[in-house]
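Participant: Quick one: structure below, then a few questions.
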Amino acid sequence: MTISILVCFATRTGTTQAAAGVVAEALRGRGFEVELLPAREVRALERYNAVVLGAPLFMFHWHNDALQFLSRHQKSLAGRPVALFALGPVQSPINEQEWKDSREQFQKELAKFPWLAPAAVEVFGGKYDPASLRFPLKLFAGAAPASDIQDLAAVRAWAVSLAARLEPAVGGGC
Ligand SMILES: Cc1cc2nc3c(=O)[nH]c(=O)nc-3n(C[C@H](O)[C@H](O)[C@H](O)COP(=O)(O)O)c2cc1C
């Protein structure tokens, strides 16, 4: 049986889209059939055996498209393996407190969906470019310098580990 996986994402400045692309490619490399779509364009989940959803944290919240995706597809998601990731920390050199805060923000957002039992949850580093911001976000960002700690190798490694987890979950549940 070919296992079909939806990899969907929300993004503002493209970092999460790039990460989702790497997840999709890694899962295809493991023999899964993968569809890669913006979360807001997904209408139904019936044809997928499992779902991966990624989105950035902004202003202490997960991207609204991701939150809406979870609400909209609650019924279908409750019966499928789901893996979730967020992009968040951006400071270079690595700031452990920032990573802890991002992970807590993500957990807090996911706690809004008590029915959700994800097979995997992960936070990855992102990118920050003050030049891309307009008022009022520019105010929130303050004088922080541009940074890029996106680690696509870490994303790929997570996706490969996911493949090993999703296959038995799908085989047993669908
Ligand atoms: C105005 C602004 C607010 C942000 N707020 C948060 C936040 O509350 N928590 C966090 O972990 N990351 C935060 N970030 C970092 C973003 O998650 C990071 O830039 C990510 O790479 C953006 O993903 P995207 O390119 O897919 O939109 C913020 C970034 C900006 C520019």
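The values are calculated or read from the model by the stated rules, or taken from the named source; none is laboratory data. In this text the structure is predicted, and so the values were computed from the model without any measurement. Reconstructed Cβ throughout: ideal geometry from the backbone, glycine too, with neighbour counts over all protein chains shown. Just so you know, the surface numbers come from the protein's heavy atoms only, side chains and all, with ligands and any DNA or RNA stripped out. Shrake-Rupley method; radii C 1.70, N 1.55, O 1.52, S 1.80 Å.
Participant: Which ones in segment 60-86 are among the small types (G, A, S) and assigned to a strand (DSSP E or B)?
Facilitator: Answer for segment 60-86, where residues must be among the small types (G, A, S) and assigned to a strand (DSSP E or B): A83, A86.
Participant: Is there a residue being of a type in the set (S, T, Y) and in a loop (DSSP other than H, G, I, E, B) anywhere in segment 91-99?
Facilitator: There is at least one residue in segment 91-99 that is of a type in the set (S, T, Y) and in a loop (DSSP other than H, G, I, E, B).
Participant: Regarding L36, is this residue under 30 Å from A146 (Cβ atoms), away from the ligand (no atom under 11 Å from the Cβ) and free of Cβ contacts under 8 Å to residues at least 60 places away in the same chain?
Facilitator: yes
Participant: Something else about it: Quick check on my filter: what residues within segment 1-28 are more than 13 Å from the ligand (Cβ to nearest atom), over 16 Å from A154 (Cβ atoms) and surrounded by fewer than 22 Cβ atoms within 10 Å (Cβ to Cβ)?
Facilitator: M1, T2, I3, S4, R28, listed by residue number.
Participant: Quick one: is V123 at pLDDT 95 or above, open to solvent by less than 50 Å² (accessible area, probe 1.4 Å), in contact with a strand residue (DSSP E or B) (Cβ under 7 Å, 6 or more places away or on another chain) and in a strand (DSSP E or B)?
Facilitator: Considered against the rule, which asks whether it is at pLDDT 95 or above, open to solvent by less than 50 Å² (accessible area, probe 1.4 Å), in contact with a strand residue (DSSP E or B) (Cβ under 7 Å, 6 or more places away or on another chain) and in a strand (DSSP E or B), V123 comes out as yes.
Participant: Hey, another quick one. Regarding K108, is this residue open to solvent by 80 Å² or more (accessible area, probe 1.4 Å) and either touching a helix residue (DSSP H, G or I) at 6+ places or on another chain (Cβ under 8 Å) or more than 13 Å from the ligand (Cβ to nearest atom) (or both)?
Facilitator: Answer is no for this residue.
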